[in-house]
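Quick notes on the structure that follows.
Each reported figure results from applying straightforward, stated rules to the coordinates on display, with no laboratory input. Fair warning: this is a prediction, and the values are worked out from it, not measured in the lab. Note that each Cβ is placed from the backbone with ideal geometry, even for glycine, and that neighbours are counted across all protein chains shown.
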Amino acid sequence: MSALMDALAIGAQTALTPMNLLYCLGGVTLGTLIGVLPGLGPIATISMLLPITFYLPPETALITLAGIYYGAQYGGSTTAILVNMPGESSAVVTCLDGYAMARQGRAGPALGIAAIGSFFAGSVAILIVASSAPALASVALQFGPEDYFSLMVLGLIAAVVLASGSLLNAFSMVLVGLLVGTVGADVNSGVERYTLGIPKLIDGIDFVIMSMGLFAIAEIAVNLESAERRAVLNGKIGSIFPTWSDIRASVFPILRGTGLGSILGILPGGGAVLSSFASYALEKKIARDPSRFGKGAIEGVAGPESANNAGAQTSFIPLLTLGIPSNPVMALMIGAMMIQGVTPGPQLIKTNPDLFWGVIVSMWAGNLMLIVLNLPLIGIWIQLLKVPYRILYPAILLLCVIGVYSLSYSSVDLWLLVVFGVFGYVFVKLGCEPAPLLLGFILGPLVEEYFRRALIMSRGDLSVFITSPISGTMLVLALILVVMVVVPSIRQTRELAFRE
Amino acid sequence: MLKRMLILAGAVAAAAAICGPAVAQSKFPDHPVKLVVPFPPGGGADILARLVGQKLNERWGQPVVVESKPGNAGIVGSNEVGRSKPDGYTLVMAASGAIVASNINQLTPIALVSTPPYMLAVHDSMPVKTVQEFIAYLKQNPGKVNFGSSGIGSASHLAADLFMRMTGTEMVHVPYKGIGQAINDLVGNKVSVMFGPPQALLPQAEAKTVKILGITSKTKSKVFPDLPTVAETVPGYEAVGWYGVLGPNGIPDPVVTEISAGVNAALADPVIAERLTAMGAAATPGTPGDFKAFLDADIAKWNALLEKLPK
């Protein structure tokens with residue numbers, strides 16, 4: 001324990017210098033901003049800022065970039081709640097109940113609980129990183145492809161639970177997501193699938209384009225049809241902060257979300273994206289009245305928001321302890337370190353203790369800044385709802401287009417945005433929800449990749465999925481979930497379980 | 001009237017643009033130069049582009065803007081530069097994989113930056129210490145050992161494929177999306193062999209999770225004088241990557257000469273040498289002709305191998 005205190009003291013010496021605090025503040029502020037702006041994400045921002053970090057000491061550079069990353073997780077929930085537009089994969093589920101709350105005039109409590117949950121989860125996850133990062137990293141290494149496969153299958157089945165409408169619709173949407181996810185070059189054979197001869201599609205379709213089209217463009221199109229819903233939003237703003245009963249209802253979801261997010265964040269290759277979905281599915285499953293979900297249940301905001309922020313912090317574990325990036329943002333961080341001549345790897349904690357511990361302490365400082373920054377801002381964000389749609393919507397459209405174009409400066413991406421916008425509109429008209437589709441899109445390619453990799457390694461023997469203890473457990477859980485979903489429908493009480 | 005004048009002005013501007021390169025020869029560059037990196041930011045090409053770009057900026061007094069245009073293993077960005085105006089203001093910092101048989105004819109090699117070797121690494125638990133023992137182990141266990149790569153047709157895949165062909169051994173290929181996940185599974189012993197870049201493997205070797213058996217350059221590396229080459233055991237074996245600056249075809253010769261001189265001068269800078277060392281590589285200054293000869297040979301060699309891969 002005293003070793004940990006010594007280490008944290010080294011970190012504090014680095015992180016709490018006026019210059020590093022200032023850069024941390026700059027990072028989290030910028031992160032919040034890009035999180036709030038639809039379409040602009042941390043990847044584009046960090047790549048644009050890489051050349052600037054060139055002139056900073058390595059620890060300052062990393063503190064700033066890390067601040068942008070977890071700052072964006074805070075900000076991402078704001079647009080999801082206020083205008084039903086997720087900027088990040090983690091904010092997709094926040095749309096479901098967060099936006100419903102906003103439409104009931106409870107945007108303030110939704111934003112408040114998202115910030116509070118994120119802060120709590122962030123603080124706990126940082127303690128986990130500080131106390132047991134190396135041990136956790138070796139746990140993640142035990143995960144074989146068969147284990148990842150089963151984890152993703154569990155996630156996919158949970159996706160059906162996400163839907164608040166018909167089971168068949170949700171199932172179909174997951175399948176559509178899986179299909180769209182196969183676009184691009186196949187990892188195992190290099191064969192191009194559904195690329196229509198467009199070179200841009202060989203790398204697949206970017207998540208940001210899908211979510212902007214399906215959520216943002218579709219939302220705008222639907223709202224243009226009627227003036228009524230706008231009156232709902234403008235009429236009542238309601239209280240700004242969560243009430244005691246809101247907080248009481250959120251305590252356990254926040255704790256569970258923190259736990260789930262901390263664990264899933266450690267797994268490289270798709271673990272972190274699962275955390276907010278998993279937390280939502282869990283809350284809905286154990287809730288006394290699952291029908292409230294999708295209609296403004298505060299647990300549906302508190303849990304996933306905590307999970308995604310916990311995951312954002314623990315996803316630094318593979319980077320800092322093994323030098324292995326768990327997502328594209330972490331790969332950028334490695335680039336930022338290499339530019340500085342620091343080689344990330346298992347030895348980093350020994351060779352650059354001030355960098356390692358400095359970044360960890362700065363994360364906590366950054367989380368504190370974020371909550372101080374975000375709570376007073378809630379009042380201002382809510383004022384945005386009073387902006388007439390004729391001004392707000394063109395502004396959002398413009399930002400979406402800029403954000404999508406900033407991904408890779410390609411006009412093909414903009415056409416894709418239009419295509420998904422049309423799909424999104426049709427889905428709304430058909431009463432199909434896009435959230436399960438997005439989860440299918442994210443997980444589908446991973447399921448396939450891990451399945452085939454597991455079979456390559458086992459030389460085609462399917463039994464590995466059962467004989468591996470981790471994989472076996474996941475599959476049993478998935479089976480239980482399927483039974484829980486199917487049984488009520490056999491008894492024709494499906495309506496009760498899945499509709500109002 | 002105004003309209004007619006505008007058309008006239010446009011025609012004059014167009015004419016000036018056509019004559020541009022000839023006029024601009026005296027002073028290149030007179031406005032910012034764009035250096036495209038056809039890979040995601042943060043990788044080796046990106047780092048080198050920024051370092052070299054900064055030196056070029058100091059030399060020319062004009063900004064060198066590094067722009068990331070990733071896609072299709074570097075081919076999207078390289079092709080775009082190939083189609084750009086051949087005035088020397090749009091260049092690409094390419095690397096192995098970005099220039100292939102299909103687009104080499106669109107691009108003019110200007111300056112080779114470095115040819116980093118790969119390393120043959122095995123998981124620490126494998127009972128071998130040398131390349132020779134490794135080959136013997138593979139012969140005793142044909143088809144039982146897995147090797148990871150950063151993707152089908154990637155340098156790490158082809159280096160291993162060439163090794164198997166030249167030694168008559170057999171391993172099973174496990175492709176990954178990118179080097180990070182492959183290293184993860186090498187450290188976790190899900191795959192036990194990998195031909196990978198030094199900057200990814202050396203930190204793991206220091207932590208004793210993997211063993212480096214040899215490097216893949218033809219001759220011993222100045223950076224790792226203690227490491228044997230694979231070629232010492234497998235004569236003729238060579239599999240190196242490369243980084244270099246190319247431009248569209250048709251850039252005026254004096255401009256090519258100036259860019260080549262600028263990049264070569266940058267390579268003499270100690271900071272760049274230090275970063276290259278961290279990648280396990282050394283600077284390879286030379287003429288555009290040297291680069292072209294290297295690239296032609298490199299593409300021909302790997303193309304021959306790619307055609308033999310099972311489809």
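List of remarks:
- You can think of it this way: the chain between B:Lys218 and B:Glu206 has 1.9 nm of extra reach, that is 0.36 nm per residue less the Cα-Cα gap.
- Exceedance of the 29 Å cut-off in Cα-Cα distance is limited, within the set B:Lys55/B:Lys301; B:Lys139/B:Lys220; B:Lys177/B:Lys301; A:Lys200/B:Lys301; B:Lys139/B:Lys218; B:Lys144/B:Lys211, to B:Lys55/B:Lys301.
- Membrane-span-like helices of chain A, defined as complete DSSP H segments with a Cα extent of 24 Å or more along the helix axis and a mean Kyte hydropathy of at least -1.0, are identified as A:18-36, A:58-83, A:107-142, A:145-162, A:244-266, A:353-384, A:389-408, A:411-430, A:434-457, A:469-490.
- In terms of other Cβ atoms within 10 Å, A:Ser411, B:Ser149 run from fewest to most in the order A:Ser411, B:Ser149.
- Amide H contacts under 5 Å for B:Thr90: B:Lys34, restricted to partners 5 or more places along the chain or on a different chain, H placed in the peptide plane at 1.01 Å from N.
- Of all aspartates and glutamates in the structure, those lying under 19 Å Cα to Cα from A:Lys350, and not within fewer than 8 positions of it along the same chain, are A:Asp6, A:Glu59, B:Glu206.
- Among B:Val256, A:Val361, A:Val372, the order by Cβ neighbours within 10 angstrom, fewest to most, reads A:Val372, B:Val256, A:Val361.
- Paramagnetic label zone (point 7 Å from Cα along Cα-to-C-beta, B:Asp124; backbone N under 20 Å) in the range B:193-216: B:193-214
- Spin-label model distance (nm) - B:Ala101 vs A:Val222, 7 Å beyond Cα toward Cβ: 5.1
- When A:Ile52, A:Ile349, A:Ile298 are arranged by Cβ crowding within 10 Å, least crowded first, meaning fewest neighbours, the order is A:Ile52, A:Ile349, A:Ile298.
- Simple rule: put +1 on each Lys or Arg Cβ and -1 on each Asp or Glu Cβ in chain B, find the dipole, and look at B:Pro175, B:Leu120, B:Val191; the Cα lying farthest toward the positive end is B:Pro175.
- Note on B:Asp30 and A:Leu21: their simple-model spin labels are 5.2 nm apart, each label 7 Å out from Cα toward Cβ.
- Derived scalar couplings ³J(HN,Hα) [the range B:45-61; Karplus, 6.51 cos²θ - 1.76 cosθ + 1.60; whole Hz; x for Gly, Pro]: 5, 5, 4, 5, 4, 5, 5, 5, x, 5, 5, 5, 4, 4, 6, 8, x
- Rounded to whole Hz, the Karplus (6.51, -1.76, 1.60) HN-Hα couplings of the range B:265-282, x for glycine and proline: 5, 4, 5, 7, 6, x, 5, 5, 4, 5, 5, 5, 4, 4, 8, x, 10, 10
- Inter-label distance, nm, simple model (7 Å from Cα along the C-beta direction), A:Gln383/A:Ser138: 5.4
- Helical runs (DSSP H, four residues minimum) scored at -39500 (n - 2.57) apiece and divided by the length of chain B put the mean residue ellipticity at 222 nm at -14000 deg cm²/dmol.
- Rounded to whole Hz, the Karplus (6.51, -1.76, 1.60) HN-Hα couplings of the range B:237-245, x for glycine and proline: 6, 8, 8, 10, x, 7, 10, x, 9
- If the Kirkwood radius is taken over C-alpha pairs of the range B:119-232, then at 25 °C and 0.890 mPa s the Stokes-Einstein diffusion coefficient equals 177 µm²/s.
- Take the Cβ atoms of A:Ser291 and A:Lys350, set R0 to 45 Å, and the FRET efficiency comes out at 0.25.
- Computed over chain B, relative contact order equals 25 percent, with contacts defined as Cα pairs under 8 Å that lie 6+ residues apart.
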